[in-house]
Amino acid sequence: IAILVFALYSVSLAYPWIMKINAPPDEHFVLLANQFLHFKLGLDPINLPRGDVAEFFDRRYLYFGPFPSLMLLPFVAFFGKTFPQYIIGPICLLFSFISTFFLTRKFKFSHSDSFWLAIFMVFSTALLPIGLTPVSAGQVQAIGTVLMLLAILQYFSKKRLLVVGICVALAGMTRFPLYLSAVFFFLEFCFKKISFKQLVIFSIPVVLSLM
């Protein structure tokens, strides 16, 4: 009951801020996914989303990385441009909760403590309003958070550096600054926590995503 009360209280605090956004939900990623299905990289100039668009040689591109749109490709292919992009946020909140729970379990926290830490991660940080607000700029942050949590979880569990590299690469393809997280794994190599072979395996998907 305490957890339910806490969750409802957190949502009630975020709700007034979310309601201040008097605009329809963003659909940047759905529109770009639709363009990808037609083998085009730029946005349709006739049906441009509001904001977060850059013009380059009379073509319009999103500021954001391509991964969110690539992720939505099968859904846009099936449902068309009417697919509700805003469901990305709540799904990311759920995966952030699950990832945080299992990550803290790896550090020998009890089930109860892990559960509460996951609750605080989702409901007591900026992740909650970001995940619930139907704005593309917030949704890329929610996606990036999930991918980084998965990368950390994989690293501290079975050290599957290829999977870690894929998560970091996809995070960078969501928000470019997240590529900087690769520095952590380079430092792990410098402190001999991982081998040179593992560093190379980690680097392959990261480098390929930059090409």
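General remarks:
- From the coordinates shown, Cα extents along the principal axes in Å corresponds to which of (1) 53, 48, 27; (2) 68, 40, 35; (3) 50, 49, 32: (1)
- Above-threshold pairs, the threshold being 27 Å between Cα atoms, out of LYS40/LYS159; LYS108/LYS197; LYS108/LYS159; LYS108/LYS192; LYS106/LYS193: LYS40/LYS159; LYS108/LYS197
- Per residue, the solvent-accessible area of the chain (1.4 Å probe, heavy atoms of protein chains only, all protein chains present) comes to 58 Å².
- Derived scalar couplings ³J(HN,Hα) [segment 160-173; Karplus, 6.51 cos²θ - 1.76 cosθ + 1.60; whole Hz; x for Gly, Pro]: 7, 5, 5, 5, 4, x, 5, 4, 5, 4, 5, 5, x, 6
- Segment 156-211-segment 106-128 distance, computed between alpha-carbon centres (Å): 25
- Percent RCO, i.e. relative contact order, over the chain, from Cα pairs under 8 Å lying at least 6 residues apart: 19
- In the chain, the DSSP-assigned H stretches of four residues or longer account for a calculated mean residue ellipticity at 222 nm of -21000 deg cm²/dmol, using -39500 (n - 2.57) per stretch and the full residue count as denominator.
- Between the listed residues THR174, LEU72, PHE97, the Cα displaced farthest toward the positive end of the dipole of the chain, a dipole computed from Cβ unit charges relative to the Cα centre, is found at PHE97.
- Mean Cβ neighbour count within 10 Å, used as a protection proxy, ranking 50-60, 199-209 highest first: 199-209, 50-60
The values are calculated or read from the model by the stated rules, or taken from the named source; none is laboratory data. Values in this document were obtained by computation on a predicted structure and should not be read as measured data. In this analysis, Cβ positions are derived from the backbone assuming ideal geometry, glycine residues included, and neighbour counts consider all displayed protein chains. To get the accessible areas, we keep the full protein, side chains included, count just its heavy atoms, and leave off ligands, DNA and RNA. Shrake-Rupley method; radii C 1.70, N 1.55, O 1.52, S 1.80 Å.
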